[in-house]
1. Could you please state, rounded to a whole Å, how far the C-alpha centre of segment 120-157 is from the C-alpha centre of segment 2-38?
2. Packing-wise, with mean Cβ within 10 Å as the measure, how do 157-166, 62-71 rank, highest first?
3. Ordered by residue, what ³J(HN,Hα) values in Hz, to whole numbers, does segment 34-49 give under the Karplus form 6.51 cos²θ - 1.76 cosθ + 1.60, where θ = phi - 60° and Gly and Pro are x?
4. Just to confirm a number: summing +1 for Lys and Arg and -1 for Asp and Glu over residues other than Ser62 whose beta-carbon lies under 15 angstrom from that of Ser62, what do you get?
5. Give the accessible area for Lys75 in Å² (nearest 10); use a 1.4 Å probe, count only protein heavy atoms, and leave out ligands, DNA and RNA.
6. Residues of the chain: accessible area per residue at 1.4 Å, in Å²?
7. Quick one: which residues, 5+ away or cross-chain, put their amide H under 5 Å from the amide H of Arg175? H built at 1.01 Å from N.
8. In nanometres, what is the gap between the two model label sites at Ala120 and Ser91, each 7 Å from Cα along Cα-to-Cβ?
Amino acid sequence: MRRNLGCGQQKLAGYVNVDKMAACEPDQLVDLECVPWPFADNSADEVLLHHVLEHLGAQSDSYLAIIQELYRVCKPDAVVRIVVPHPRHDSFLSDPTHVRAITPQGLELFSQAKNREWAAKGNSNTPLGLYLGVDFEITAVDMKPDEPWRGQLQARRITPQDLAQAMRQYNNVIREIDIRLRAVKAAAP
């Protein structure tokens, strides 16, 4: 089972397309901020949230409940793909419906392995994976540069290290972030 959560007008073949707006004509009409979701435990092999998660969970409790639901519906080793605007890009900043910045560092808080590693080092990172009983491992992160940065990188006028430095210093360097997670779960007996 593959789910395209918050599909909007971007319905994908081979996925169950889910949205809260009936006008989008999704396969399933679901408000993702209302938990529990009407999906069975361990039912998704793959979940896509394409420009969706930044719109959900304005209140921390709501956001954390959404992460718990996402984990609940994932099968062991399910792939979760989250594509979001970079929080320092105008496309994020200018949309009043964006309620939360989503970053790889923020999603890393839901990794129990990272939680234990940080605790062993005495770091103060909040161990949300352990607190919430969820466990997502980041398997890939793709930062997608905006112009003119992308063209400069492709033409080799700047290096990936230059791009990383610019990303820390300036807005509108990275347009979107594509993050892949793996649901870390024991297989059901």
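1. One Cα centre to the other: 26 Å.
2. Put in order of decreasing packing, that is 62-71, 157-166.
3. Couplings: 9, 10, x, 6, x, 10, 5, 4, 6, 10, 10, 7, 8, 10, 10, 10 Hz.
4. Once positives and negatives cancel, what remains is -3.
5. Solvent-accessible area, nearest 10 Å²: 70 Å².
6. Accessible area per residue: 53 Å².
7. Residues meeting the amide H criterion: Lys144, Asp146.
8. About 3.8 nm separates the two model spin labels.
The values are calculated or read from the model by the stated rules, or taken from the named source; none is laboratory data. Everything quoted here is computed from the prediction, not taken from an experiment. With ideal geometry, Cβ positions are generated from the backbone for all residues, glycine too; neighbour counts draw on all protein chains shown. Keep in mind that these areas ignore ligands, DNA and RNA; they rest on the heavy atoms of the full protein, side chains included. Shrake-Rupley method; radii C 1.70, N 1.55, O 1.52, S 1.80 Å.
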